Every structure is written in C-alpha cells, then in structure tokens.
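Please treat every number below as a calculation from the coordinates, not as lab data. What you see is a predicted model; the values in this text were computed from it and never measured. Glycine also receives a Cβ, built like all others from the backbone with ideal geometry; neighbour counts cover every protein chain displayed.
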Amino acid sequence: MEIASKVFSLGNSNAIRVPRLIMEALSLHTDDPITMEVVNQDELLIKKRKKQETYPSIKELFAGYDGNTAVFEMDADDAVGREIL
C-alpha cells in the first residue's frame, strides 16, 4: 500500500502525517513507539516497536519476603578528609 503524505511544520520541529489507512493497517495508535531508518538515501522505513514491558508491581517485587532482616552495625574507616563527625 502506498499513500502520499507530506512533511509539515509543528512548533520548532517537523512532523509527518500518517494517514488513517496506514495506522489501521499497522494497528498503530497515538503514542505507540516506532523506529525510523533511512534506507538508500531516499527512503524512510518506519516500523512499529513492541511496547516496553511494564515494571513489576510492588507485590511481585516483595513476593516471598517475610519481613525478617538481619540487623547489624557496620563500621566505616577512619576519616580521610575534612569530614565533620
């Protein structure tokens, strides 16, 4: 599928209008991540990127944690500079 579009000014940047038919064909939505690559000096290849995996929830991060911790004191070395203790 080849559809004509144009580059236009958008604030201090330039933008490319992506027609609805292209958006639908690629299942693209506003704010979806894409990559762009210059090919053969006169072609622009645009690819849909996979969405980044979400970070684990706090429950997932602490799964299996029973609340017990080993408490210990740690002694630092002697002052070597102008530290005020």
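Here the stretch 1-55 is the region considered, the condition is being among the small types (Gly, Ala, Ser) and on the phi > 0 side of the Ramachandran plot, and the residue that is surrounded by the fewest Cβ atoms within 10 Å (Cβ to Cβ) is Gly11. For the stretch 35-51, the set of residues classified as of a type in the set (Asp, Glu) and out of contact with any Lys or Arg (no Cβ under 9 Å at 6 or more places or on another chain) consists of Asp42, Glu43, listed by residue number. The single condition among (1) surrounded by 10 or more Cβ atoms within 10 Å (Cβ to Cβ); (2) part of a loop (DSSP other than H, G, I, E, B); (3) among the hydrophobic types (A, V, I, L, M, F, W, C) that Ala63 does not satisfy is (1).
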